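Working notes for the structure below.
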């Protein structure tokens, strides 16, 4: 039993120091002796009780002092390093470093509560970050804390019941037939016209078509094998560079049939490459055997294509202005993918087949995001319905 300075019994583990303050010692769940302090006997008893209760509450946690910064590094190394693409890991690190570390990085994992993460998300929202970005950060934090719970680093996930922010409609926009005709009329002299034709006739993603190689195209059977994608990213300590990675998802690994227009565009592009790069097996240029490259034979970046498409659209709008037509809005290569999907549905192609063309995991993605219903379609379909109704009425009259 401990005693005060006058020799009075204070209780197990409690003593009074020479400066008049009280201290209490107890053994925590790790077998370590810990000490708490208080000005009065009542204070020290309350503090001791609270510490013992808290220690019991955290009975299963491994390291009560590990910070979120420290756990994030472990989470990346143990749970992500060998299971996700390098570009995904770089995105995690960027999100954490730029949006989470300043607010929560130095805090202990087991002391981070729901109020703290709600405050973090609120700050991001207030600073006009995209809702999709905020939701990505939330998903990352949820997984970080789930893994921490599984490894007994904390007892609960503060991200539980954090509502996902409503994101703008992700539905893309396809070109109308008139816009499609205008664009391709003006893209004829563009160096990237063959690329534009290939995308709009296959629905390939930009990353897929920029990684497409000569060996991926079977001209005899008129098929394209989509088995990789490209991405520009900056590895730690390196400059931003071109990387070829596996497809976006397992369903993105697919074979797409070529129509004659697409086949000719790819053949024409290879002819262009042979002239520019003297493409052959022994040529050191274009070692990856990419079909679509820049004028100098380098891999194409997304910014390069956006710039080329902008020049085409500028020429379209000059003609439109001369004919008192509204200007065409700027768009990127993904709009051509949307256009392909929409044309497929215009022609009545089965949604499951369109799903296979696009490489979607779910047909709902194909139906909900990648197809547009234009006014001419609605008019055409209602007239078809009218014909069916008239036929029904005619037969009843007979």
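No lab work stands behind these numbers, since they all come straight from the coordinates. Just so it is clear, the structure is predicted and the values come from calculations on it, not from any experiment. Positions of Cβ are generated from backbone atoms using ideal geometry, with glycine treated the same way; all protein chains shown enter the neighbour counts.
Ranking of 204, 261 by neighbouring Cβ atoms within 10 Å, starting from the fewest: 261, 204. Net length available on complete extension from residue 127 to residue 93 is 10.2 nm, with 0.36 nm assigned per residue and the Cα-Cα distance removed. For the pair residue 166 and residue 119, what calculated FRET efficiency results from E = 1/(1 + (r/R0)^6), where r is the Cβ-Cβ distance and R0 = 22 Å, to the nearest 0.05? Given R0 = 22 Å and the Cβ-Cβ separation, E is 0.65. Residues 311, 338 in ascending order of nearby Cβ atoms (within 10 Å, fewest first): 311, 338.
With viscosity 0.692 mPa s and temperature 37 °C, the Kirkwood radius over alpha carbon pairs of region 149-222 converts through Stokes-Einstein to a diffusion coefficient of 189 µm²/s. Output the Kirkwood hydrodynamic radius of region 68-150, Cα pairs only, in Å rounded to one decimal. Evaluated on region 68-150, it is 13.1 Å.
Taking every C-alpha pair closer than 8 Å and separated by at least 6 residues, the mean separation divided by the residue count of region 177-369 gives a relative contact order of 27 percent. Note on residue 356 and residue 189: their simple-model spin labels are 4.2 nm apart, each label 7 Å out from Cα toward Cβ.
The modelled label-to-label distance for the pair residue 347/residue 274, using points 7 Å beyond Cα in the direction of Cβ, is 2.8 nm. When 357, 79, 330 are sorted by how many other C-beta atoms sit within 10 angstrom of their C-beta, beginning with the fewest, the order is 330, 79, 357. Spin-label model, residue 46 to residue 4: label points 7 Å out along the Cα-to-beta-carbon direction sit 1.7 nm apart.
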